[in-house]
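Presented below is the structure to which this report refers.
The values are calculated or read from the model by the stated rules, or taken from the named source; none is laboratory data. Note that this is a predicted model, so its numbers are computed, not measured. A quick note on method: Cβ atoms are made from the backbone with ideal geometry, for glycine too, and the neighbour counts reach across all protein chains shown. Note: accessible area is taken over every heavy atom of the protein model, side chains too, but ligands, DNA and RNA are not part of it. Shrake-Rupley method; radii C 1.70, N 1.55, O 1.52, S 1.80 Å.
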Amino acid sequence: NIDVNIVTKGSGVLTVNGAPVGGSASGLVCLAVASASSVATVDFTSLIDSTFDEYEIHYQNVKPASNASLLFRSSTDAGSTFAASAGNYSWSGIGNEDGGAATGIGSSSDTSICISGTGIGNVAAAGAGASGVLRLIQPSNATVNKLIEFRTVYESTSPGVVQVSGGGRRISTADIDAVRFLFSTGNIASGLFKLYGVRRSV
């Protein structure tokens, strides 16, 4: 797996490559970047804590080694283990391909949250793979089930252009302090993942 961090935190101060990030303006603070190449998973195992109420992971041109769906899992022990049993997650979404009819997808009891719906094609070099945004909502809040939102666009096995939007939950009140991305089968051939903290002005 891959877990690449580019930001450090100390004494309550965020720094990017050694430079302090301050102020109260709203926006995204880049915390970590991971570039995948023929790996089973991409993990962010640190920097998700109570510093921010929301976090976003942006994924760009993520391609599978073989036709597969893109999945999300979470951890409450800094990535030592990731919840991957039936009943750990529920999720729902809606998507359509090349302007076709919208289709509902989802599961009330799953081993992961599918953030792509149907299979992403193992597309040629010029193909775009999957790109999108996943938002973690209050991952450090230990009194409610953890919710996520996602938006994904990708090239299907048809091939065609598919867009999917939806949400899901980790069915547990435990915090989320690490996240994992993987395909339903095979490796992540290539792709870029960026972890951001979301700063809201108050």
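Here is how the numbers come out for the structure above:
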| read-out | value |
| --- | --- |
| Scan of region 35-65 for residues that are more than 11 Å from Ile188 (Cβ to Cβ) and among the hydroxyl-bearing types (Ser, Thr, Tyr), ordered by number | Thr45, Ser46, Ser50, Thr51, Tyr55 |
| Index of the failed condition, Ala65 passing every other in (1) among the small types (Gly, Ala, Ser); (2) open to solvent by less than 40 Å² (accessible area, probe 1.4 Å); (3) more than 16 Å from the chain's Cα centre (by Cα) | (2) |
| Which numbered condition Phe72 fails, given (1) at pLDDT 95 or above; (2) surrounded by fewer than 20 Cβ atoms within 10 Å (Cβ to Cβ) | (2) |
| Counted residues, region 78-112 - those being of a type outside the set (S, T, N, Q), over 19 Å from Glu56 (Cα atoms), open to solvent by less than 60 Å² (accessible area, probe 1.4 Å) and in a loop (DSSP other than H, G, I, E, B) | 4 |
| Qualifying residue in region 26-34 (condition: of a type outside the set (Phe, Trp, Tyr) and part of a loop (DSSP other than H, G, I, E, B)) | yes |
| Matching residues in region 101-111 - criterion: being in contact (Cβ under 8 Å) with a residue 24 or more places away in the chain and on the phi < 0 side of the Ramachandran plot | Ile105, Asp110, Thr111 |
| Tabulated pairs, region 68-94, first without any contact (Cβ under 8 Å) to a residue 40 or more places away in the chain, second open to solvent by less than 20 Å² (accessible area, probe 1.4 Å) and not in a strand (DSSP E or B), C-beta under 8 angstrom, 6+ apart or interchain | Ala84/Ser112 |
| Within region 113-153, tally of residues that are on the phi < 0 side of the Ramachandran plot, surrounded by fewer than 23 Cβ atoms within 10 Å (Cβ to Cβ) and assigned to a loop (DSSP other than H, G, I, E, B) | 15 |
| Filtered residues of region 154-180 (kept if hydrophobic (A, V, I, L, M, F, W, C) and not in a loop (DSSP other than H, G, I, E, B)) | Val161, Val162, Val164, Ala178, Val179 |
| Flag for Ser46 being at pLDDT below 95 and under 15 Å from the mean Cα position of the chain (by Cα) | yes |
| Verdict on Ser156 being surrounded by 16 or more Cβ atoms within 10 Å (Cβ to Cβ), in contact (Cβ under 8 Å) with a residue 40 or more places away in the chain, hydroxyl-bearing (Ser, Thr, Tyr) and in contact with a Phe, Trp or Tyr (Cβ under 8 Å, 6 or more places away or on another chain) | no |
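To keep it simple, each residue is scored yes or no on (1) aliphatic (A, V, I, L, M); (2) at pLDDT 95 or above.
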position	(1), (2)
Ile148	yes, yes
Arg151	no, yes
Gln163	no, no
Arg170	no, yes
Asp177	no, yes
Tyr196	no, yes
